[in-house]
Amino acid sequence: MNADYQDFKHKELTEKIINIFYSVYNKLGYGFLEKVCENAMMIEFKKEGIDAVSQSAINVFYEGKIIGEYYADILVDNKVIVEIKAARQLVEENEAQLLNYLKARPPRLSSRWRAGNRY
């Protein structure tokens, strides 16, 4: 990954998440469904003693009332949303989805992981 994550809000946690992602990706390879990658990452989070919840509900409010619900793939330490995409490349809709999660659950750090085919 070429991202310079030194300025991320939760730097140490972000580094651990990135390492876990690459560990899973290197062991599984590419082409698996998102749920398979999610399950493998959850195993790694547990091994590392990192609090993580899969399919974490995110309520959307309008004028104080719940009007909808999203499910983040993984919520790590109640701080970072991990959204896994099994796709050749990420598209604008993926970014919009993540931005909506952040609007519904601020302030959080989010990350997208492409677990699809190699470049």
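The values are calculated or read from the model by the stated rules, or taken from the named source; none is laboratory data. Just so it is clear, the structure is predicted and the values come from calculations on it, not from any experiment. Neighbour counts run over all protein chains shown; Cβ positions are idealised from the backbone, glycine included.
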Flag for Ile50 being in contact with a Lys or Arg (Cβ under 7 Å, 6 or more places away or on another chain), at pLDDT below 90 and under 26 Å from Lys103 (Cβ atoms): no
Flag if Leu90 is at pLDDT 90 or above and surrounded by fewer than 18 Cβ atoms within 10 Å (Cβ to Cβ): no
Close pairs (8 angstrom Cβ cut-off, 6 or more residues apart or separate chains): under 12 Å from Val76 (Cβ atoms) in the stretch 33-59, part of a helix (DSSP H, G or I) and of a type in the set (S, T, N, Q) anywhere: Glu44/Ser23; Ser54/Asn39
